[in-house]
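Novice: My structure is below; once you've seen it, I'll send some questions.
The values are calculated or read from the model by the stated rules, or taken from the named source; none is laboratory data. Here the structure is a predicted model, which means the values were calculated and not measured. Positions of Cβ are generated from backbone atoms using ideal geometry, with glycine treated the same way; all protein chains shown enter the neighbour counts. The accessibility values were calculated without ligands, DNA or RNA, using every heavy atom of the protein model including side chains. Shrake-Rupley method; radii C 1.70, N 1.55, O 1.52, S 1.80 Å.
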Protein chains: 2
Amino acid sequence: MSSSSAAPAAKPPIRDALVAAAFRLFLERGYEQTTVDDIVALAGVGRRSFFRYFPSKEDVVFPDHERCLADMTAFLAAGGAEHEPVRRVCDAARLVLRMYAENPAFSVQRYRLTRQVPGLRAYELSVVWRYERALAEYLRARFAGRPDGTLRADVIAAAVVAAHNNALRSWLRSEGKGDPGAAVDHALGYVQKTYGRPAQAAPAPARAASAAAGAPAGQADDVVVLVSRRDAPLWRVVQELETALGRG
Amino acid sequence: MSSSSAAPAAKPPIRDALVAAAFRLFLERGYEQTTVDDIVALAGVGRRSFFRYFPSKEDVVFPDHERCLADMTAFLAAGGAEHEPVRRVCDAARLVLRMYAENPAFSVQRYRLTRQVPGLRAYELSVVWRYERALAEYLRARFAGRPDGTLRADVIAAAVVAAHNNALRSWLRSEGKGDPGAAVDHALGYVQKTYGRPAQAAPAPARAASAAAGAPAGQADDVVVLVSRRDAPLWRVVQELETALGRG
């Protein structure tokens, strides 16, 4: 899954050494008690090397978010009109999960650290905000010209991020046990069910009938939801109901 | 609307003077170029007075969020089982709008400032996060024991905050012109329509019958929504339907 495990030489070894040294010291002494000088001493490089890779001590805690944000932006930009927009942003969110899942032990350590250090929590919030804006900007473009386009874009982007993070945090709290992919798929499925167009929408006859009387708005395995105008003739509604229940 | 305009003496005048002095200097010189010493000199008080009211220079930019967060928490805690949960969190979000709308000129100035100063943007994100967590914690308690209770709570809280902020920011970008209340009502209405139970939920007899066969899950003015188990006897479903349509 990780390109680094397949081809370790592809990542600059100094960068990896700095991240490893930083986390070792953060866990041993605490984040606040560790200086950039401590990190470079343990990694065996100079201060300038540190700042070549990371603008600040905070950035070494989140070494892969910039790459992931760039990947997400590129992924969204590569999408065409044939991609259902809500599905596309859900798939974009899965890139973030993949980054966390590439290295469970590191992700769990970092999660603990961000819970303890308010400055890192604030940093993380700003990163999450940038992911959310990337998703929202994509949806705003896709919904341009539609009523409430920016409202829907912002709400759906927030829902996607919240669902993703709900599943991601459960996994992190469980010490990285179990399959985070399945949990995130389930959470994003909830958002897609709410806002997305189904891959194969309701069959044409049911849609056609919806204008006349009642129409099955959705079907789970053993539940039928019927939406009807109050003034629809009862026989039409029952007809729809029979069709929906598969007894027509 | 504002308690301060109705009874100015209720707020400590020193606190107000510090906020006024700070904003005058922020706008004249810029936020970074203004020190706490500059602020206290202009307000005619000592440094200790400043820190009695505000832990840091950042906090003077957002003087009312702590009160608003406390109001929101109290409002949510005062809610009972009779309050539809999604409506309740939408009403809680309106408390934030009210705070902004109390003083449009100040809110617009602050909005411009937070756009320019990354540190203030980060501060604002952490405040927004605390509002979102307050709403999510309330919903988690209300949805406790339901399938996907925490997922739904987190997603709905995020959707409420995103909708509220979409409308609030449009109003702030328009220099505080127009009625922010109507815009926020519209935006929150979108979320309530998506996730909430309609204001007048299913009548008691229908709820009682829901275990047996089908039950009207909600009624708008001229639409009936019927949720039914697929294997329910058709006659029971039609009976429910007749009741829901008021023709039983």
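Novice: Identify all residues within region B:114-151 that are within 20 Å of residue A:188 (Cα to Cα), free of Cβ contacts under 8 Å to residues at least 24 places away in the same chain, part of a helix (DSSP H, G or I) and not small (Gly, Ala, Ser); write none if there are none.
Specialist: B:140, B:150, B:151
Novice: To continue, here is another question. From the list B:169, B:173, pick out the single residue that is closer than 27 Å to residue A:127 by Cβ and within 11 Å of chain A (Cβ to nearest Cβ).
Specialist: So the residue among B:169, B:173 that is closer than 27 Å to residue A:127 by Cβ and within 11 Å of chain A (Cβ to nearest Cβ) is B:169.
Yes or no, residue by residue, for (1) of a type outside the set (S, T, N, Q); (2) under 23 Å from residue A:147 (Cα atoms); (3) exposed (fewer than 15 other Cβ atoms within 10 Å of the Cβ):
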site	(1), (2), (3)
B:106	yes, no, no
B:114	no, no, no
B:120	yes, no, no
B:123	yes, no, no
B:139	yes, no, no
B:144	yes, no, yes
B:184	yes, yes, no
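Novice: Another question, then. Could you please let me know if residue A:21 is assigned to a helix (DSSP H, G or I) and surrounded by 15 or more Cβ atoms within 10 Å (Cβ to Cβ)?
Specialist: yes
Novice: Being at pLDDT 55 or above, in contact with a Leu (Cβ under 6 Å, 6 or more places away or on another chain), within 8 Å of chain B (Cβ to nearest Cβ) and open to solvent by less than 10 Å² (accessible area, probe 1.4 Å) narrows it down to one of A:163, A:153, A:159, so name that one.
Specialist: Only one candidate qualifies: A:163.
Novice: Follow-up question, since we're still on this one. Considering every residue within region A:225-235, establish whether at least one is closer than 23 Å to residue A:85 by Cα and either surrounded by fewer than 21 Cβ atoms within 10 Å (Cβ to Cβ) or at pLDDT 95 or above (or both).
Specialist: There is no residue in region A:225-235 that is closer than 23 Å to residue A:85 by Cα and either surrounded by fewer than 21 Cβ atoms within 10 Å (Cβ to Cβ) or at pLDDT 95 or above (or both).
Novice: To continue, here is another question. Here is a check on your reading of the model: is residue A:66 free of Cβ contacts under 8 Å to residues at least 12 places away in the same chain and either surrounded by fewer than 17 Cβ atoms within 10 Å (Cβ to Cβ) or in a helix (DSSP H, G or I) (or both)?
Specialist: So residue A:66 fits the description; yes.
Novice: Next question. Residue under question is residue B:175, and the condition is that it be modelled with pLDDT of 95 or more and acidic (Asp, Glu); does it hold?
Specialist: So residue B:175 does not fit the description; no.
Novice: Here is a follow-up. Just to be sure I understand the filter: pairs with C-beta atoms under 9 Å, separated by 6 or more residues or on different chains, first member in region B:31-47 and within 18 Å of residue B:110 (Cβ to Cβ) and of a type in the set (Ser, Thr, Tyr), second member assigned to a loop (DSSP other than H, G, I, E, B) and open to solvent by less than 30 Å² (accessible area, probe 1.4 Å). Which pairs pass?
Specialist: If the second residue must be assigned to a loop (DSSP other than H, G, I, E, B) and open to solvent by less than 30 Å² (accessible area, probe 1.4 Å), the pairs left are B:31/B:117.
Novice: Across region A:187-203, what is the number of residues that are under 13 Å from residue A:84 (Cα atoms), at pLDDT 65 or above and of a type in the set (S, T, N, Q)?
Specialist: 1
Novice: OK, next. Anything in region A:37-63 that is open to solvent by less than 20 Å² (accessible area, probe 1.4 Å) and among the aliphatic types (A, V, I, L, M)? List them, or say none.
Specialist: A:39, A:40, A:60, A:61
Novice: Six or more apart or on different chains, Cβ atoms under 9 Å: show the pairs whose first residue is in region B:161-187 and farther than 19 Å from residue A:159 by Cβ and whose second is of a type in the set (Phe, Trp, Tyr) and crowded, with 23+ Cβ neighbours inside 10 Å.
Specialist: B:177/B:171; B:178/B:171; B:179/B:171; B:180/B:171; B:183/B:171
Novice: For region A:76-87, check the following and say yes or no: at least one residue is buried (at least 17 other Cβ atoms within 10 Å of the Cβ) and either over 20 Å from the mean Cα position of the chain (by Cα) or without any contact (Cβ under 8 Å) to a residue 24 or more places away in the chain (or both).
Specialist: No, region A:76-87 has no match at all.
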